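Chemist: Before we start, here is the structure in question, set down as structure tokens.
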Amino acid sequence: MPSLLGLCPYCIKDVVFPVLTTRPINDSSNEFDLFCACPSCDRASIAHIVFEDAKRRGYQRDWPKVIRPEPGLSIEIIPKPPIARAPASLPEQVENLFIQGADALLGDKPKPDAAAMVFRKTLEVALKTRWPDMAGTLAHRIDLLATQHEITRSLADWAHAIRLDGNAAVHDTEPVTTESATSLRDFTELFLMYVFTLPAMLEERRRVT
């Protein structure tokens, strides 16, 4: 049996899958499902393979030793790996940071400490981007925004939670739990939606009415 080079959708690692069996789709000569097992996490996946040239390979003949993407050959691994998504209408740097933090929580081996630190930086950059003239520490700016009614008190409390847990990830000896980092992701996402996404939606609504 051949092997397949690809990204495991469970442990999010590039691996060489042993192919357990192959099946043509509807008796096709160029479309196959390959049943694979990840050598890292032992989870099973299906690789859907399509050859553009039906005559190039007949059914299960002439498989290469290692199957990999190449011209004329498409590979789709099912299920698809999870993809971190950011709220709409974010500044590019803020979006990239949020996705970095969310990515750190994906897969079988999440990195909650790294995620917590990145979410704190996401908050810092978001505030500097949205209110560039506001000075002071992050804590001071969060409180000032609440006092000036730029954000709600509840949102300020969330922002402080992101700030404090991000600081703890840097300075404390105890590791951040995945559960805590996931809550930080949710808090950060809601904060970004309030500051960037909802105003953009309202502005778009005004333009079309």
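Chemist: When the residues of segment 125-143 are filtered to those that are touching a Phe, Trp or Tyr at 6+ places or on another chain (Cβ under 9 Å) and of a type outside the set (Gly, Ala, Ser), which remaining residue is surrounded by the most Cβ atoms within 10 Å (Cβ to Cβ)? Lay out the reasoning, then the answer.
Modeler: As a first pass, look at segment 125-143 and keep what is touching a Phe, Trp or Tyr at 6+ places or on another chain (Cβ under 9 Å): 126, 129-130, 141.
With of a type outside the set (Gly, Ala, Ser) added as a condition, the list becomes 129-130, 141.
Numbers: Thr129: 15, Arg130: 17, Arg141: 20.
So the residue we want is Arg141.
Chemist: Residues that are outside any strand (DSSP E or B), under 30 Å from Thr129 (Cα atoms) and not acidic (Asp, Glu): does segment 47-69 have at least one? Give the steps one after another, and end with the answer.
Modeler: Keep residues of segment 47-69 that are outside any strand (DSSP E or B), which gives 52-65, 68-69.
Adding the requirement that they be under 30 Å from Thr129 (Cα atoms) leaves none.
There is no residue in segment 47-69 that is outside any strand (DSSP E or B), under 30 Å from Thr129 (Cα atoms) and not acidic (Asp, Glu).
Chemist: Restricting attention to segment 143-159, which residues are in contact with a helix residue (DSSP H, G or I) (Cβ under 6 Å, 6 or more places away or on another chain) and under 26 Å from Glu174 (Cα atoms)?
Modeler: Ala156, Trp158, Ala159 - these are the residues of segment 143-159 that are in contact with a helix residue (DSSP H, G or I) (Cβ under 6 Å, 6 or more places away or on another chain) and under 26 Å from Glu174 (Cα atoms).
Chemist: Restricting to segment 84-106, give me the number of residues that are more than 24 Å from Pro175 (Cα to Cα) and in contact (Cβ under 8 Å) with a residue 24 or more places away in the chain.
Modeler: 8
Chemist: Here is a list: Lys109, Lys121. Which entry is charged (D, E, K, R), assigned to a loop (DSSP other than H, G, I, E, B), surrounded by fewer than 19 Cβ atoms within 10 Å (Cβ to Cβ) and in contact (Cβ under 8 Å) with a residue 24 or more places away in the chain? If you could, list the steps in order and put the result at the bottom.
Modeler: Working: Lys121 fails: assigned to a loop (DSSP other than H, G, I, E, B).
One residue alone meets the criteria, Lys109.
Chemist: For Glu150, are the conditions met, namely being touching a residue at least 12 places away in the same chain (Cβ under 8 Å) and assigned to a loop (DSSP other than H, G, I, E, B)?
Modeler: Values: touching a residue at least 12 places away in the same chain (Cβ under 8 Å): yes; assigned to a loop (DSSP other than H, G, I, E, B): yes.
When the stated conditions are applied, Glu150 passes them.
Chemist: Can you give me the number of residues within segment 32-43 that are out of contact with any Lys or Arg (no Cβ under 6 Å at 6 or more places or on another chain) and under 16 Å from Pro2 (Cα atoms)?
Modeler: Restricting attention to segment 32-43, the residues satisfying the condition of being out of contact with any Lys or Arg (no Cβ under 6 Å at 6 or more places or on another chain) are 32, 34-39, 41-43.
Subset that is under 16 Å from Pro2 (Cα atoms): 32, 34-39.
Residues in segment 32-43 being out of contact with any Lys or Arg (no Cβ under 6 Å at 6 or more places or on another chain) and under 16 Å from Pro2 (Cα atoms): 7 in total.
Chemist: Among the residues of segment 118-136, are any under 28 Å from Lys80 (Cβ atoms), of a type in the set (A, V, I, L, M) and at pLDDT 95 or above?
Modeler: yes
Chemist: Of the numbered conditions (1) under 27 Å from the mean Cα position of the chain (by Cα); (2) more than 30 Å from Ala200 (Cα to Cα), Pro82 fails exactly one; give the number of that condition.
Modeler: If we test Pro82 against (1) under 27 Å from the mean Cα position of the chain (by Cα); (2) more than 30 Å from Ala200 (Cα to Cα), just (2) comes out false.
Chemist: Then there is this: Given the structure, is Asp172 surrounded by fewer than 17 Cβ atoms within 10 Å (Cβ to Cβ), in contact with a helix residue (DSSP H, G or I) (Cβ under 9 Å, 6 or more places away or on another chain) and either closer than 24 Å to Ser89 by Cβ or of a type outside the set (A, V, I, L, M) (or both)? Steps first, answer last, please.
Modeler: On the way: surrounded by fewer than 17 Cβ atoms within 10 Å (Cβ to Cβ): yes; in contact with a helix residue (DSSP H, G or I) (Cβ under 9 Å, 6 or more places away or on another chain): no; either closer than 24 Å to Ser89 by Cβ or of a type outside the set (A, V, I, L, M) (or both): yes.
Criteria not met by Asp172.
The values are calculated or read from the model by the stated rules, or taken from the named source; none is laboratory data. Predicted, not measured: the structure shown is a model, and the values here were computed from it. Glycine also receives a Cβ, built like all others from the backbone with ideal geometry; neighbour counts cover every protein chain displayed.
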